[in-house]
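In what follows, a structure is listed as structure tokens, so that the remarks can point back to it.
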Amino acid sequence: MKLLILGRGKTGALVAEVARARKHDVRAVGAADNRGGAALLPEKLRDIDVVIDFTTPAAVLQNIEPCIRAGTNMVVGTTGWYEELEKVREMVLGSEIGFLFAANFSVGVNLFFEIARASAEALRHQYHGQIFERHYAQKKDAPSGTALAIQKIVRDASGQELEIISFREGEVVGMHEVVFESHNDTIYVCHDANSRRAFAEGAVRAAEWLAGKKGFFDFRDIWREL
């Protein structure tokens, strides 16, 4: 496939590396190359199969509309824009593109989501809980999209909302922990990422899955199909 990677940060650069290793034709652009949407003009997207976005929360919303106008499918790994999720869903479903987003493209994290859903049962048995997340110091959004996804999963499963406590420090790739405490014991459910490569591989595989499809998709719903 021909892929356009938006974002040359740590994860975006790794997505481009993984995509090339999987024999895709890759073009990667940074913020300077896409000023004013210059990289997303219809003539520049004509031959692109999928755009993969790892930019910033503000930039991703500006990038979605040109992709819709050009009819180009899009995978979004950027987080921090979910307050606009329903608006974007309506835009996509009213268009002819395929759009896939994720709070986290790691298969391990998506397994963790399932464990978090099961562990939420503790809140029905006199436990109380919190969500902790740690990321590298330069991460733009807090709480992380993954932490917010965990919070929603637990809320949907138990009817209770857990507080999220965020830390931004050093070069931490990403750690998420749900802790349930009672008078008798403590339950720890944790995922600690050692590398961004799992995110990058998941994003590229998501783009491969999305090729030729139309509609609005969440990686949590399709990762078992990859």
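Evaluated against (1) surrounded by 15 or more Cβ atoms within 10 Å (Cβ to Cβ); (2) in a helix (DSSP H, G or I), Arg155 falls short on exactly one condition, (1).
For the stretch 174-226, the strands (runs of 3 or more DSSP E) that sit wholly inside it and include 2 or more residues that are touching a Gly at 6+ places or on another chain (Cβ under 7 Å) and aliphatic (A, V, I, L, M) are 174-181.
So which of His183, His128 is open to solvent by 30 Å² or more (accessible area, probe 1.4 Å), touching an Asp or Glu at 6+ places or on another chain (Cβ under 8 Å) and over 19 Å from Tyr82 (Cα atoms)?
Values: His183 fails: touching an Asp or Glu at 6+ places or on another chain (Cβ under 8 Å).
The match here is His128.
In this structure, does Ala118 turn out to be open to solvent by less than 20 Å² (accessible area, probe 1.4 Å) and either modelled with pLDDT of 95 or more or in contact with a Cys (Cβ under 6 Å, 6 or more places away or on another chain) (or both)?
Values: open to solvent by less than 20 Å² (accessible area, probe 1.4 Å): no; either modelled with pLDDT of 95 or more or in contact with a Cys (Cβ under 6 Å, 6 or more places away or on another chain) (or both): yes.
Answer is no for this residue.
Criterion applied to Val189, Val178, Val172, Val204 was being β-branched (Val, Ile, Thr) and either without any contact (Cβ under 8 Å) to a residue 24 or more places away in the chain or surrounded by fewer than 17 Cβ atoms within 10 Å (Cβ to Cβ) (or both), and the one residue passing it is Val172.
Scan the stretch 48-63 residue by residue and report those that are farther than 17 Å from Lys140 by Cβ and either modelled with pLDDT under 95 or touching a Cys at 6+ places or on another chain (Cβ under 7 Å) (or both).
Narrowing the stretch 48-63 to residues farther than 17 Å from Lys140 by Cβ: 48-52.
Listed by number, the list holds a single entry, Val51.
In the stretch 89-106, what residues are surrounded by fewer than 21 Cβ atoms within 10 Å (Cβ to Cβ) and at pLDDT 95 or above? Scanning the stretch 89-106 gives Arg89, Glu90, Met91, Leu93, Gly94, Ser95.
Within the stretch 9-16, is even one residue in contact with an Asp or Glu (Cβ under 7 Å, 6 or more places away or on another chain) and of a type outside the set (Phe, Trp, Tyr)? Taking every residue of the stretch 9-16 in turn, none turns out to be in contact with an Asp or Glu (Cβ under 7 Å, 6 or more places away or on another chain) and of a type outside the set (Phe, Trp, Tyr).
Of all positions in the stretch 131-146, none carries a residue that is among the β-branched types (Val, Ile, Thr) and open to solvent by 50 Å² or more (accessible area, probe 1.4 Å).
Each residue in the stretch 5-27 was checked for being more than 24 Å from Gly174 (Cα to Cα) and in contact with a helix residue (DSSP H, G or I) (Cβ under 7 Å, 6 or more places away or on another chain), and 2 of them qualify. In the stretch 32-86, of all residues being open to solvent by 30 Å² or more (accessible area, probe 1.4 Å) and touching a Ser or Thr at 6+ places or on another chain (Cβ under 7 Å), the one that is farthest from Glu17 (Cα to Cα) corresponds to Ile68. Within the stretch 158-169, the set of residues being small (Gly, Ala, Ser) and either under 10 Å from Phe132 (Cα atoms) or open to solvent by 70 Å² or more (accessible area, probe 1.4 Å) (or both) comprises just one member, Ser166.
The values are calculated or read from the model by the stated rules, or taken from the named source; none is laboratory data. Note that the coordinates shown come from a computational prediction; the quantities given were computed from them, not determined experimentally. As a convention, Cβ positions derive from the backbone with ideal geometry for all residues, glycine included, and neighbour counts pool all protein chains shown. Remember, those area values only see protein heavy atoms, side chains included, never the ligands or the DNA or RNA. Shrake-Rupley method; radii C 1.70, N 1.55, O 1.52, S 1.80 Å.
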